[in-house]
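Each reported figure results from applying straightforward, stated rules to the coordinates on display, with no laboratory input. Since the structure is predicted, the reported quantities are computational estimates derived from the model, not experimental observations.
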Amino acid sequence: MDGGQLHRLGRRLIELSAAATGQPGDLELTPGERAVLEDVIRHPGGSVGEIRERTGFVQSHVSASVARLRERGLITTAADPRDGRRTRVRVTDRTSRAITRRAGRRIDNAVASAVADRAQAARALVLLDELARLLL
């Protein structure tokens, strides 16, 4: 496997993940909002500036995404007690529960839809479990 194949595989796995975990009525996020939210999940209590550094987005984009996510009740913001000019960002409990529910959805049907042959779909599930154990 070369880097290009790995990249395509990664993109395909992301597509399968979205198909497996997404359901009608789930929250829709822009790619920028998703990246900001993922950063906040990985780095609770991070500042807007730190999110900007980690995501590579410009400050105005991060600030706008944080404002939209806050308005939707997905994150909370608070002034840094040591430096009131900085804003600290955390996910809400409601968001954490929704992520946990979504992450717990089974992938079997998404894989079966992607791999027409039943035996190959079952093999793909076994290989994905093995890959997760090795890389995660």
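For this structure, a couple of remarks:
- Debye equation applied to the C-alpha atoms of the chain, log10 I(q)/I(0) at 0.16, 0.21, 0.22 Å⁻¹: -0.94, -1.24, -1.30
- Mean Kyte hydropathy of 0.0 or more with a Cα span along the axis of at least 24 Å, helices from DSSP in the chain: 118-135
- Shape summary of region 27-105, radius of gyration then Dmax from alpha carbon positions: 12.1, 41 Å.
- Largest mean-square fluctuation among 117, 108, 93, in a Gaussian network model of the chain whose springs join Cα atoms under 10 Å apart, belongs to 117.
- Springs join every pair of Cα atoms under 10 Å in this Gaussian network model of the chain, and among 120, 59, 23 the largest mean-square fluctuation is at 120.
- The separation of region 1-70 from region 79-131, counted between C-alpha centres, amounts to 12 Å.
- Among 86, 123, 94: highest mean-square fluctuation, GNM of the chain, C-alpha pairs under 10 Å: 123
- The value for region 82-136 of Rg(Cα) / (2.2 N^0.38 Å) is 1.85.
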